[in-house]
Amino acid sequence: MRGSRRALFVATILTGSFLLFLIQPMVARMALPRLGGAPNVWNSAMLVYQALLLGGYAYAHWLSRWPIRRQARIHITLFALAALTLPIGLAKLAPAAPGMEVFWVPLLFASSIGAVFFMVSAQAPLMQRWYAHHPDAGEPWALYAASNLGSFGGLIAYPLLVEPYLPLHLQSWGWSAGYLLLLGLIVLAARSRATAPTQGIMIPQGPKPSELAGKTVALWVVLAAVPSGLMLSTTTHITTDIFAMPLIWVVPLGLYLLSFSIAFADRRGPARWISALAWAGIFAIGGMAAVSYGWTGVVPLVSSVVLLFLLCTALHARLYDLRPDASQLTVFYLAMSVGGVLGGMFTALAAPLIFDWVWEYPLLVLAAAMLLPRGALPDWRNAASLDPAMRRLLLGGLVIAVLVLTWMIFDAGKFLDTLWQRLPLTALLVPLALGLVPWRWLASGVLAVLMLAQGGLDTIEDSRAGIRTRSYFGIYTVRDYPETRIRTLLHGTTLHGEQSTDPARRRVPLAYYGAGSGVAIVMDLAPELLGERARIGVLGLGTGTLACLASPGQDWTFFEIDQAVLRLSQDGSFTYLDECTPKARVRLGDARLELERLPKASFDFLAIDAFSSDSVPLHLFTHEAFGVYLDALSPKGVMMVHISNNYINLEPALAAQLAARGLFAAKRFDNPQPGQELFASEWVAVSRDPAQIAKIRSLAPQYQWTALGKPAPRVWRDDHASVLPYVTWTSFLGIELP
C-alpha cells in the first residue's frame, strides 16, 4: 500500500472537505449585515453550495476521461487561477427588491465564492479517481467517508473555534492559506501518480456511462435527493415548529455529513444496524412529522434530529450498496450531486412558493419510507412454517391491528395534550407496523395515516382555514382564541405579538408592550422628554402594537423587512397600525440599510424591536449598527432596545456597545401578574444625554429602573461577533417537557 500513498490522498481529501464546510458558514456570516438570519437564508446558501458541488463533480467527471498527467496539468492550472479571487469577500450587488430575495441570495453567494468553491468541490471525486489509479490502492469508496469527516470537522470548527476567536478578515486570510495548502497537496498527489507504474495501473473498465441502466442512475439521484431535501426541511421544521434556537442549523447538517461516513465505511455492520433502526424510527417519530402546533421542547428536537440521522444513514447505505464499478466513480458522484441539488431546489426554492407550511418535511419523510432498504429487517414471509393462506391471514390481522391502534391514538383526546398517554399505544404500534415493511407501499400508507392521526389533520385544517402566511423570511400563523378573545401572531414558535378581538380593547397594547413595559413608560413620557411633535422610528413591525402608544402630533415611521408581515397589518388581521397611526410610513427593507439612506438626526425616538425573536439578527446588534442608529437619532434623542430572549443573554453585549460609545442607559424588567395577557419583557433606555435617562427615572418613580450588568469583554462588530458565549444553556436544558 506504500505505493498507493493512501495517507497523502486522505490528507488531501480531508483538507478540501474541511475547507468546503468552513467557507459555508463563514460566507453566510459575512452576509449577515445584508441578509439577516432567517432559516431560508441558510437554505438558499446550501442550495448554492450544492449547485457548485454539482458543477465541481461534473468537471471532475469530464476531466477523468484524460490521462492522469493531463488531468493534473488542467486541474492544477485552474486551481491556481481560482486563487486570484482570494481572499474571500462578498460581491458588490445592488440590494434585492422586496420579494426577490429567493433569487438574489443565491446570486450573491455564487458570485462571491463560486470560483474557489467550484475547484475545491471537485477535488474529492478527482482524488478518489487518482487514488484508485494505482494497482495497490484497492477500493476508493472509504475515502468518501473520510471526506465527510473532514466536512463535519469544518462545520463544527466554525462556531466553536473560528467565529468566537477570529475576526472575519483573519478568517478570510486563514481560509486562503488553507486553499494554498490544498493546492500543494494536490500537486504532491499528482506527482505520486505521475511516477506510478506504467503497466496494469488502469482501473478495470466497467460499463460506459451510456450503458448504465437508466433506472439505476435515477435511483442514485433519488437516494441522494431525499436526504438532501430532508436535511434542509428538518432545519426549517425545527426552527419553525419546535425550537427556534440560534445555531440549530449546525445539528441537521452535521448529522447529514456523519451519515455518509457511516454509510460509506468499509465496515458494514453499523450501517446495517442503523438501517434496521430507521424503520422503527420512521414509525415512532415520523408519525409526528405533520404536527404544526404545540409539540415543542427538547424531546421533539432530539426526536427530529435522530430521525434525520437514521434516515440519511439508511438511504446513503442503500446508495453505497448500489455503487458501480470504480471505473464509474465520477458518474456515481455526479448523480449523487444532481440529487443533492434537486433536493435542495425542492426545499429552498419550490416549497416556500408552493406551501403555506413546511409540508415538504412530512412529504420527504414519506419519500424516505418508500426508499428505505427492506433487507435491513428479516422478512417473516419466508418462514418455512407459513403457508400462503396463513401469510395472508397474518397480513390482514396486522393491517387491522395497526389501523385500530392508529384510530385509538387519534381518539386519545387530541394528541397535543396527551403525549405521554399515547406512548404505550405507539410502543404497541411500532412492532406491528414493522411487520408490514415487506410491503413497502402498505407500510408507507400506514405511515401517512399515522401522520394524519397525530396532527396532520389539524395542520391540513389550518391550511384550509388560511391562517398561515409563508414568505422567504419565515412562516407566520395568525391564530384566534375565542375563549379569551385574543388573536396571536407567531413566527414559527416565536410569538411576535397579539391583539384583542374585543372591539372595546382592540387598541390596548398587549404582549411585551403593556403599561409597565419599558417602552410603554418612555412613550408615555415622550411629550416631556422629546416634545409634542417627536419623530418616532420603530425597527420591526410585528403586529404593529407599538403604534397604539402614539401621542397626538407625533410623526411615526416603521421599518419592516418582510412584505408578508406588512400585509398582515393592512388586510385587517391586525389593526393597530390602521387604527392608531393611520398616517405612519412603513419603509420596506432591512432596517439598518434603510436607516443609512435617511438624513442624519431624522428621529427623536427609536425603538429597536428586533431582538425578541429567539433567532437574533446579529447584524442589527453590532458596533456598526449602533453607529447607524445614533446617526439617525437627534442629539437628545432616546433609543429603546428590546432584549427579551429565551436563549441568548443580550445584556452583556449591549452593555459593551454602550460603554464603547459613552452612552447612558437604564434597564426596565417588567414581569406582569398572571392573567393580564402580558409577557415579561426587558427594555433598555439609551441616550447620549444623561439628563434624559435621569428624567425617565424621575418622571415615573413608581417604576423601577436598574443599571446594566457587567459588559462583555469584546464589542460585537460586523467583522467579529459570536452569540455562542451568551447562550443561556439552562434555558435550553430546562424547557418544560410536553
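Counting only helices (runs of 4 or more DSSP H) that fall entirely inside the stretch 259-349 and contain at least 2 residues that are touching a strand residue (DSSP E or B) at 6+ places or on another chain (Cβ under 8 Å), basic (Lys, Arg) and modelled with pLDDT of 85 or more, no element qualifies.
Of all the numbered requirements in (1) surrounded by fewer than 23 Cβ atoms within 10 Å (Cβ to Cβ); (2) more than 15 Å from Leu372 (Cβ to Cβ), Arg272 misses one, and that requirement is (2). Answer with yes or no whether Thr484 is surrounded by fewer than 21 Cβ atoms within 10 Å (Cβ to Cβ), among the hydroxyl-bearing types (Ser, Thr, Tyr), in a strand (DSSP E or B) and not assigned by TED's automatic domain parsing to the domain that holds Leu394. No; evaluated as a whole, the condition is false for this residue.
With respect to the conditions (1) within 26 Å of the chain's Cα centre (by Cα); (2) buried (at least 20 other Cβ atoms within 10 Å of the Cβ), Ser681 lacks only one, and its number is (1). Among the residues making up the stretch 666-681, those that are over 17 Å from Leu606 (Cβ atoms) and charged (D, E, K, R) are Asp670, Glu677.
Restricted to the stretch 503-528, and to residues that are among the hydrophobic types (A, V, I, L, M, F, W, C) and surrounded by 22 or more Cβ atoms within 10 Å (Cβ to Cβ), which residue is nearest to Glu682 (Cα to Cα)? Outline the logic, then answer.
Our first condition is that a residue be among the hydrophobic types (A, V, I, L, M, F, W, C); within the stretch 503-528, this holds for 504, 508, 510-511, 515, 519-523, 525-526.
Narrowing the set further to residues that are surrounded by 22 or more Cβ atoms within 10 Å (Cβ to Cβ) leaves 510-511, 519-523.
Values: Leu510: 15, Ala511: 12, Val519: 9, Ala520: 12, Ile521: 12, Val522: 13, Met523: 15 Å.
That would be Val519.
Consider Arg479 carefully, then state whether it is in contact with a strand residue (DSSP E or B) (Cβ under 9 Å, 6 or more places away or on another chain), over 30 Å from Glu596 (Cβ atoms) and modelled with pLDDT under 95. Here the answer is yes, as Arg479 does meet what is asked. The residue of the stretch 58-88 that is surrounded by the most Cβ atoms within 10 Å (Cβ to Cβ), among those that are of a type in the set (Val, Ile, Thr) and under 33 Å from the mean Cα position of the chain (by Cα), is Ile88.
Taken together, Leu457, Leu546, Leu489 contain a single residue that is among the aliphatic types (A, V, I, L, M) and assigned to a strand (DSSP E or B), which is Leu489. Of the residues making up the stretch 3-17, not a single one is modelled with pLDDT of 80 or more and within 19 Å of the chain's Cα centre (by Cα). Please go through the stretch 381-402 and give me each residue that is closer than 27 Å to Thr426 by Cβ, modelled with pLDDT under 70 and either out of contact with any Lys or Arg (no Cβ under 7 Å at 6 or more places or on another chain) or among the hydroxyl-bearing types (Ser, Thr, Tyr) (or both), ordered by number. The one that is closer than 27 Å to Thr426 by Cβ, modelled with pLDDT under 70 and either out of contact with any Lys or Arg (no Cβ under 7 Å at 6 or more places or on another chain) or among the hydroxyl-bearing types (Ser, Thr, Tyr) (or both): Ala383.
Taking the residues in the stretch 138-188 that are assigned to a loop (DSSP other than H, G, I, E, B) and in contact with a strand residue (DSSP E or B) (Cβ under 8 Å, 6 or more places away or on another chain) as candidates, determine which candidate is nearest to Thr622 (Cα to Cα).
Start the filter on the stretch 138-188 by keeping residues that are assigned to a loop (DSSP other than H, G, I, E, B), which leaves 138-141, 166-167.
If we keep only those that are in contact with a strand residue (DSSP E or B) (Cβ under 8 Å, 6 or more places away or on another chain) as well, we get 166-167.
Values: Leu166: 16, Pro167: 13 Å.
By that ranking, first place goes to Pro167.
Here Ala124 meets the list (1) surrounded by 22 or more Cβ atoms within 10 Å (Cβ to Cβ); (2) out of contact with any helix residue (DSSP H, G or I) (no Cβ under 7 Å at 6 or more places or on another chain) almost entirely, failing just condition (2). Being surrounded by 20 or more Cβ atoms within 10 Å (Cβ to Cβ), modelled with pLDDT of 85 or more and touching a Phe, Trp or Tyr at 6+ places or on another chain (Cβ under 8 Å), is that true of even one residue in the stretch 89-108? No. The set of residues in the stretch 587-606 that are closer than 16 Å to Gly542 by Cα and at pLDDT below 95 comprises Arg587, Leu588, Gly589, Asp590, Ala591.
Just one residue in the set Arg464, Arg468, Arg505, Arg487 is of a type in the set (Lys, Arg), under 27 Å from Val365 (Cβ atoms) and more than 26 Å from the chain's Cα centre (by Cα); that residue is Arg464.
Residues checked against (1) among the β-branched types (Val, Ile, Thr); (2) in contact with a strand residue (DSSP E or B) (Cβ under 7 Å, 6 or more places away or on another chain); (3) modelled with pLDDT under 95:
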position: Leu618; (1), (2), (3): no, no, yes
position: Phe621; (1), (2), (3): no, no, yes
position: Leu633; (1), (2), (3): no, yes, no
position: Val638; (1), (2), (3): yes, yes, no
position: Ala653; (1), (2), (3): no, no, yes
position: Ala665; (1), (2), (3): no, yes, no
position: Gly675; (1), (2), (3): no, no, yes
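The values are calculated or read from the model by the stated rules, or taken from the named source; none is laboratory data. These numbers come from a predicted model, not from an experiment. No Cβ is skipped: glycine too gets one built from the backbone with ideal geometry, and neighbour counts run over all protein chains shown.
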